[in-house]
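Data first, discussion second: the structure below is written as structure tokens.
Every number here is computed from the coordinates shown, using simple stated rules; none is lab data. Because the structure is a prediction, the values reported are computed rather than measured. So basically every Cβ, Gly included, is an ideal-geometry build from the backbone, and we count neighbours across all protein chains shown.
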2 protein chains.
Amino acid sequence: MEKNFVCKGDICYSKDARTLETCKDGYLVCENGVCAGVFTKLPEKYSAFALLDVTGKLILPGFIDLHVHAPQYDYRGLGMDLELLEWLDIHTFPEEAKYADPLYAKGKYAQFVSEMRKSPNTRGCIFATVHRQSTEILMNLLEESGLIAMVGKVNMDRNSPDSLREKSAEVSALDTIQWIAQISGKYTRVTPILTPRFLPSCSDELMKRLAEIQRQYRLPVQSHLSENPAEIAWVRELSPESRNYGDAYDRFGLFGGKECPTIMAHCVWSDEEEIVQMKERGVFIAHCPESNTNLASGIAPAKRYLEEGISMGLGSDVAGGTRCSLFFAMAEAIRVSKLRWRLVDATWAPLTVPEVFYLATMGGGAFFGKVGTFLPGYEMDAFVLDDSRYHRPEEYRIEERLERAIYLSEDRDVLHKFVGGRQIF
Amino acid sequence: MEKNFVCKGDICYSKDARTLETCKDGYLVCENGVCAGVFTKLPEKYSAFALLDVTGKLILPGFIDLHVHAPQYDYRGLGMDLELLEWLDIHTFPEEAKYADPLYAKGKYAQFVSEMRKSPNTRGCIFATVHRQSTEILMNLLEESGLIAMVGKVNMDRNSPDSLREKSAEVSALDTIQWIAQISGKYTRVTPILTPRFLPSCSDELMKRLAEIQRQYRLPVQSHLSENPAEIAWVRELSPESRNYGDAYDRFGLFGGKECPTIMAHCVWSDEEEIVQMKERGVFIAHCPESNTNLASGIAPAKRYLEEGISMGLGSDVAGGTRCSLFFAMAEAIRVSKLRWRLVDATWAPLTVPEVFYLATMGGGAFFGKVGTFLPGYEMDAFVLDDSRYHRPEEYRIEERLERAIYLSEDRDVLHKFVGGRQIF
């Protein structure tokens, strides 16, 4: 299908964080890869566009996974009895070390990309491993899949096993520069993102060098922040001069601001100062509710972040999370926000369906530009969901169908997917 | 397949609440509908038994859903933004009122039974509605399905809409007696269970009459207990003479004891005295983690109940829960226990995989007698799970495959099911 097309069905998208727009039997128009609008009657000027008629099916904006570890896909749902730091040592690091072997990486990454392709997610901000070659393999596979992604070769030069740790800050930085050079101009849909794993695994020297690379190549940044109490205490030891965990990134200029678009995953235990700082710097929070529960980290105050206007999207955080589909992250975001309201702090009401839908679409999409909804001018990311497996769609309002999709849909219900104006199936 | 058979595959079952037993390429032997044991080599005396060879697949004991509302299956995943009492008024009561129409009931119940049949659950303790005829229709469908179930015609004569409320305690009691008479001797696999909805919807007069019926017909009892703070406050108003919510049942003799086997769903907020009372009376707790989260009720101290040796199993509590399969209840039980440990009370460690597996099988099975494991003498409830959709089974230990099944399996992965010694597919 060309970049001009019309998709007819039951359309639902966010106008803002609180407002769902719906259109029964509506026409979603894509012109030059960009949304031209949603119409109850197809305007004459689009009548020659190719029509995908999915009457009775849901048409939703693609989901943006703001935080996912591609090499962890293979062992999701294993070792969930451990907390973060133990889990990293026992499961994550030994597995990631295997990605030194490009052949191993190719097989595993192919499976991850295939699953992400089938899911309702259209874009992702993805952690690879420290390995340059394997990371390029992942990027090749993503480019072929038609998905859009920011992919990071991970940097880590301390506090990790010999098998995985980069030899020095210098080696890590040089490798990163080589990686950037090698992929320069190679892809149309996949771009690099600077990825210091998290503060404990990056020396000051490495952070300095990464900051230079960031400025030189104008790369966005992704990392982890304030996920687990033991991790935070460790950062305090490692970086006693920092006022908080976020400040430990900020000291190196790797914490948001106009010149340094940044995603920080988790922010479960951010203190007041860190929250203010994130807001001021426009740092994006990747809220990963399933992972925060599975690793017994806690419950991030996502409702508060949303109310305060902090930029935020959802992350599957596979393999801290067990499923790529952000439908599940949406359900878990609602669930844990209820428990937080009930058990921790009744100041902040539970998240609603429109709010988590916004987070999965417009909220995370904003990191990619005008992405995540069907307002005119937004890049066309969309998927068609057949929700007839678990109910008769005609018996429900579109808002109700969206709520049920969050709880009941599976990847196999995704019939078609458009990414950046291109139909990938 | 006859009641004598052998099933060969990768077997996993509980020995007790903490201990998993596994047997790779093992033989599970069923003799006269009862488990004769698990063997690494098939004993000569069983060599003539029919063999179901599912080498490489998992063979697990069937799951026992200790708490599920059949008429709510149809609207699971809807209206999850409400708390218990509002949710009952807006969604539950209007829908249940429709079950006055047997034709309506037949259509909806057929779908519930069909889904439960496909799930890994082999038995359930099921709430119907107040309607005698519709309840019998549900029992007919369950009997035909081959599942084993205890089914309750619901009793409620106050604090509910006219369309659903029974006219008086007398009418409710008489209807219950008629229902029992009508189904007497009719089924081999389905039995009645006395089902006062919950204290707020049953007058003292009705409770007295139900207690008489309970004693006369020696019926087990199921109801709800200490689910939501607002509900508990209401019970305190309705029953000021009771020391706690459990005592409000106990005053009528409907709270466990040898002559009155009782399941109480939820027990999220039970106080010390109520907990002691449940333990002394052998009351079974139906722990419904997903529902308790979805309705923002809280997190039951399931680990504590288990450690204290209180009888307990898992409940899907559809439609407070969105899925019948207890695999999902197991995952949610682990998840919320982690949040409880982290955010509420670190005295009690999170639930483990062996523990939630025990709850879903032996824990709940005990309400049905010797049910829920493959130790010799237990009734044969089992299912075969194909876990090759999401990994290569040969690469994992059976314990790991069980953990991944909890997080990743779906009903369509269930290949065969045995209930009470009979293969139903």
Quiz item: lysines within cross-link reach of B:Lys98: Cα-Cα under 21 Å, excluding same-chain residues under 8 positions apart?
Solution: B:Lys106, B:Lys108, B:Lys153, B:Lys167
Quiz prompt | Whole-Hz couplings from phi, Karplus 6.51/-1.76/1.60, listed for segment B:181-188; x for Gly and Pro | solution = 5, 5, 9, 4, x, 7, 10, 9
Quiz item: Residues with beta-carbon under 15 Å from that of A:Phe383, excluding A:Phe383: net charge, scoring Lys, Arg +1 and Asp, Glu -1?
Solution: -1
Exercise. List every residue whose amide H lies under 5 Å from the amide H of B:Gly56, counting only residues 5 or more places away in sequence or on a different chain, with H placed 1.01 Å from N in the peptide plane.
Key: B:Asp10, B:Asp25
Exercise. Just flag the trypsin sites (Lys or Arg not before Pro) in segment A:195-226 sitting in loop per DSSP whose Cβ has no more than 16 other Cβ atoms within 10 Å.
Key: A:Arg218
Quiz item: So for A:Lys8, A:Lys186, A:Lys338, A:Lys15, fewest C-beta neighbours within 10 Å to most, what's the order?
Solution: A:Lys186, A:Lys15, A:Lys8, A:Lys338
Quiz item: About its Cα centre, how strong a charge dipole does the protein assembly as shown have in debye, to the nearest 20, once Lys and Arg get +1 and Asp and Glu get -1 at the Cβ?
Solution: 1460 debye
Quiz prompt | Which of A:Ser239, B:Ser337 has the fewest Cβ neighbours within 10 Å, and the rest in rising order | solution = A:Ser239, B:Ser337
Quiz item: For B:Lys338, which lysines qualify as cross-link partners when the Cα separation must be under 22 Å and same-chain residues fewer than eight apart are set aside?
Solution: A:Lys303, A:Lys338, B:Lys303
Practice problem: List every residue whose amide H lies under 5 Å from the amide H of A:Thr191, counting only residues 5 or more places away in sequence or on a different chain, with H placed 1.01 Å from N in the peptide plane. | Solution: A:Ala149, A:Met150, A:Val151
Practice problem: Treating the angle as unsigned and between 0 and 90°, give the value, to the nearest 10°, between the Cα long axis of helix B:132-145 and the longest Cα principal axis of chain B. | Solution: 0 degrees
Quiz prompt | segment B:171-238 - percent relative contact order, Cα under 8 Å, separation 6 or more | solution = 37 percent
Quiz item: What's the local net charge at B:Val318, with K and R +1, D and E -1, over the other residues with C-beta under 11 Å away?
Solution: -3
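Using 0.36 nm per residue of separation minus the Cα-Cα distance, give me the extension gain between A:Val171 and A:Glu259 in nm, one decimal. Intermediate results must be reported in sequence, preceding the final value.
Values: separation 88, 0.36 × 88 = 31.68 nm, distance 2.52 nm.
In short, 29.2 nm is gained.
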Quiz item: Net charge near B:Gly146, counting Lys/Arg +1 and Asp/Glu -1 over other residues with Cβ under 9 Å of its Cβ?
Solution: +2
Quiz prompt | Potential extension, B:Glu205-B:Lys24 segment - 0.36 nm per residue separation minus Cα distance | solution = 59.5 nm
Quiz item: For A:Lys8, which lysines qualify as cross-link partners when the Cα separation must be under 24 Å and same-chain residues fewer than eight apart are set aside?
Solution: A:Lys24, A:Lys41, A:Lys45, A:Lys57, A:Lys118, A:Lys370, A:Lys417
Practice problem: Just need the relative contact order of segment A:132-204 here, percent rounded to a whole number, with Cα pairs under 8 Å and 6+ apart. | Solution: 46 percent
Quiz item: Once phi is turned into θ = phi - 60°, what whole-Hz ³J(HN,Hα) does the Karplus curve with 6.51, -1.76 and 1.60 give for every residue of segment B:198-209, x standing for Gly and Pro?
Solution: 6, 3, x, 9, 10, 5, 4, 4, 5, 4, 4, 5
Quiz item: Any idea what the relative contact order of chain B is, in percent, if you count C-alpha pairs under 8 Å spaced at least 6 apart?
Solution: 21 percent
Exercise. List, in order, the whole-Hz ³J(HN,Hα) value for each residue of segment B:232-240 obtained from phi through the Karplus relation with A = 6.51, B = -1.76, C = 1.60 and θ = phi - 60°; use x for Gly and Pro.
Key: 5, 4, 5, 4, 4, 5, 6, 9, x
Practice problem: Report the label-to-label distance for A:Glu394 and B:Lys279 in nanometres (one decimal), using points 7 Å from each Cα along the Cα→Cβ vector. | Solution: 5.8 nm
Quiz item: Between A:Cys35 and residues 5 or more places away or on another chain, which pairs have amide H atoms under 5 Å apart, with H built 1.01 Å from N, and which residues are they?
Solution: A:Gly377, A:Tyr378, A:Glu379, A:Met380
Exercise. Based on other C-beta atoms within 10 Å, arrange B:Ser114, B:Ser223 from fewest to most.
Key: B:Ser114, B:Ser223
